[in-house]
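Novice: Here it is: the structure, laid out below.
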Amino acid sequence: MQPHVDSTELISEGRFLVSEKVHYTDAGGVKRSWEAVSRRKLPGTVPGSADAVFIVAKIVPDDELVLVRQFRPPAGKLMVEFPAGLIDPGETAQTTALRELYEETGFTGKVTKLFNGSYSSPGMTGESIILAVMEIDGAAYPDGFIPENHQEECENIEVFRVKNSELAEFITAMENAGCGIDSKLHTVLAFRQIGL
């Protein structure tokens, strides 16, 4: 028997998130339930579409990555992350990536690849997120220049240009400073260490 969801029961609903009890049948035919959180779908959202994008933006030919640091209330600390953001109703993932990179970092670039939606914490949420790979022309931002960003009033985002070859050292320094690290960055480092 294939495990499957039978129904969902609303626990609570906020401005951005929905808490639900998911009732499902497992592979052995046993009825079970699971608590989960999901993104609240806004009017105009395409059913089944991804919720957000995260952006791996590389400055070429400088071989630098663009990273951000911001306070994340659920983690209770400053977090070092790739730029990211929610896909607004009517937007494509590509449009969101271009918009979010500009808003969060001030950089403009081009999307070179979009991956299918994937799940970063499927034991807790059904949020689907798309990886957008982007290139930024280093000639437009010479000598380590970081443009002014255009963040929302509630955001306080710091932007970093990190040499690809110095990513591990940068992450260690941020951890030593008490920052949390997005698991996607640790995944990049792990793949490098095992030669993938």
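Read-outs throughout are calculated quantities, based only on the coordinates presented, and are distinct from any laboratory measurement. Computed from a prediction, not measured in an experiment: that's the story for all the values here. Cβ sites come from the backbone with ideal geometry, for glycine too, and all protein chains shown count toward neighbours.
Novice: Go ahead and estimate [θ] at 222 nm for the chain from helices alone: -39,500 (n - 2.57) per DSSP H run with n ≥ 4, summed, over the residue count, rounded to 500.
Specialist: Taken over the chain, the calculation gives -5500 deg cm²/dmol.
Novice: Counting every Cα pair in the chain, what percent are over 20 Å apart?
Specialist: 62
Novice: Also, quick follow-up: Going by C-beta contacts inside 10 Å, put Phe107, Phe191 in order with the fewest on the left.
Specialist: Lowest to highest Cβ neighbour count: Phe191, Phe107.
Novice: Additional query: Return the sequence-ordered ³J(HN,Hα) values of segment 97-110 in whole Hz as given by the Karplus equation 6.51 cos²θ - 1.76 cosθ + 1.60 applied to θ = phi - 60°, using x for Gly and Pro.
Specialist: Each residue of segment 97-110 in turn: 4, 4, 5, 5, 4, 5, 5, 7, 10, x, 7, 10, x, 10 Hz.
Novice: Still on this structure, please answer the following. For the chain, find the longest principal axis of its Cα atoms and tell me its angle to the long axis of helix 167-176, 0 to 90°, nearest 10.
Specialist: 70
Novice: How high is the relative contact order of the chain, in percent, counting Cα pairs under 8 Å that sit 6 or more residues apart? Working shown, then result.
Specialist: Working: 382 pairs, mean separation 41.2, N = 196.
After rounding, I find 21 percent.
Novice: Moving on. Highest first, please rank the peptides 78-89, 26-37, 171-182 by the mean number of other Cβ atoms sitting within 10 Å of their residues. Write out the running numbers ahead of the final one.
Specialist: Details: 78-89: 19.5, 26-37: 11.7, 171-182: 14.3.
Per-residue mean Cβ counts within 10 Å order the peptides as 78-89, 171-182, 26-37.
Novice: Indicate the gyration tensor shape class of segment 61-126 (rounded, prolate or oblate), computed on the Cα atoms with a ≥ b ≥ c the square roots of the eigenvalues: a/c under 1.5 is rounded; otherwise a/b larger than b/c is prolate and the rest oblate. Working shown, then result.
Specialist: Working: a/c = 1.66, a/b = 1.15, b/c = 1.44.
Because a/c hits 1.5 or more and a/b fails to exceed b/c, segment 61-126 counts as oblate.
Novice: Another one. For Ile181, enumerate residues with amide H under 5 Å from its amide H, sequence gap 5+ or separate chain, H modeled in the peptide plane.
Specialist: Val80
Novice: While we're here: How much length would be gained if the chain were fully extended between Thr112 and Glu152, taking 0.36 nm per residue of separation minus their Cα-Cα distance, in nm to one decimal?
Specialist: 11.8 nm
Novice: According to the Cα gyration tensor, what semi-axes, each the square root of 5 times an eigenvalue, does the equivalent ellipsoid of segment 113-196 have, listed from largest to smallest in whole Å?
Specialist: For segment 113-196, the semi-axes come out at 23, 19, 17 Å.
Novice: Let me make sure I get this right: for segment 1-113, a, b and c are the square roots of the gyration tensor eigenvalues over alpha carbons, sorted descending. Under 1.5 in a/c it's rounded, otherwise prolate if a/b > b/c, else oblate. Which is it?
Specialist: Because a/c hits 1.5 or more and a/b exceeds b/c, segment 1-113 counts as prolate.
Novice: Among the listed pairs Lys21/Lys77; Lys41/Lys110; Lys77/Lys184; Lys41/Lys77; Lys113/Lys163; Lys77/Lys110, which have their C-alpha atoms separated by more than 23 angstrom in this model?
Specialist: Where the Cα-Cα span goes over 23 Å, the pairs concerned are Lys21/Lys77; Lys41/Lys110; Lys41/Lys77; Lys77/Lys110.
Novice: At what distance in nm do the modelled label points of Ile194 and Thr172 sit from each other, each positioned 7 Å from its Cα along Cα→Cβ?
Specialist: Reported label-point gap for Ile194 and Thr172 is 2.1 nm.
Novice: So for Ile55, Ile130, Ile194, Ile11, fewest C-beta neighbours within 10 Å to most, what's the order?
Specialist: Ile194, Ile11, Ile130, Ile55
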